[in-house]
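Where a number appears in this text, it was derived from the coordinates with a stated rule and is not lab data. Since this is a predicted model, take the numbers as computed values, not measurements. Cβ sites come from the backbone with ideal geometry, for glycine too, and all protein chains shown count toward neighbours.
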């Protein structure tokens, strides 16, 4: 028998934390940065692992290694990773594999599912730095009209033959150009710093039909459309799509939770110890 729900009833709030059925893996949303904390707890295992490999299930059934969690150290059997590249607006499922000191990979944990919200208009595009995630920004895009896919072909004309011989290679990933607006000088500095890092990930709303993609920024043009003293800027950025950079042996990077960030609040180890917080508390926010 169906359940009748009042159309005026608001939908339930998506969970901000989820735990796998076996209790091993916890995923916690980080809405500020559109990412997810991942905590694997093998502390009660007979032989706790030395490291843990964190993966996310892809739509095609393969497993995508989590950057900074391939492999992650597990002191005391507890390991932490941060997924800054998970899809937005649809469920993601993560798993953990324990890895012993000798490199033996144990059984995969049960999966944990969570949905990271999409960015809302008008700042509805995330530009995420892979190497320095704290530089990532949710920006207002004025225009992103085209993706250009280039063929890679060579033509050879054969004497006496009407048809040429063609050497055809795979098509290239697209190039594009995006126009972004900033309103303040602080935003200007932040965007310029972000765009002059290495590879970035662009994510937007599902309905826009722009799949998540990795890009290397090229030529950057900064325009000041207002009067003198107006901080408003319009940016045109050339982009070249690339494959996802490798994750093997990448360091754990959590936006807003670096040693530099924490030193502002706790300048010394004595200050940190006095809080009673564990490494896990500080790393994952709870």
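The figures follow:
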item	result
Order of 59, 159 under a 10 Å beta carbon neighbour criterion, fewest first	159, 59
Among 188-194, 101-107, the order from most to least packed when residues are scored by Cβ within 10 Å on average	188-194, 101-107
Computed FRET value (nearest 0.05) for residue 243 with residue 102, which takes r as the C-beta separation and R₀ as 35 Å	0.65
Values of log10 I(q)/I(0), in the order q = 0.10, 0.13, 0.14 Å⁻¹, for segment 1-117 under a Debye, Cα-only, solvent-free model	-0.33, -0.52, -0.58
Potential extension, residue 171-residue 193 segment - 0.36 nm per residue separation minus Cα distance	4.8 nm
Residues residue 159 and residue 206, FRET efficiency given R0 of 51 Å [Cβ-Cβ distance, rounded to 0.05]	0.40
Virtual spin-label span in nm between residue 222 and residue 16, 7 Å along Cα→Cβ	3.6
Protection-proxy order for peptides 35-46, 176-187, 244-255, each taking the mean of Cβ atoms within 10 Å per residue, highest first	35-46, 176-187, 244-255
Rounded Å value of the spacing that divides the Cα centres of segment 165-198 and segment 100-163	12
Exposure proxy order (Cβ contacts within 10 Å, fewest to most) of 84, 232	232, 84
Inter-label distance, nm, simple model (7 Å from Cα along the C-beta direction), residue 184/residue 110	4.5
For segment 125-242: rounded, prolate or oblate by the Cα gyration tensor [a/c cutoff 1.5]	prolate
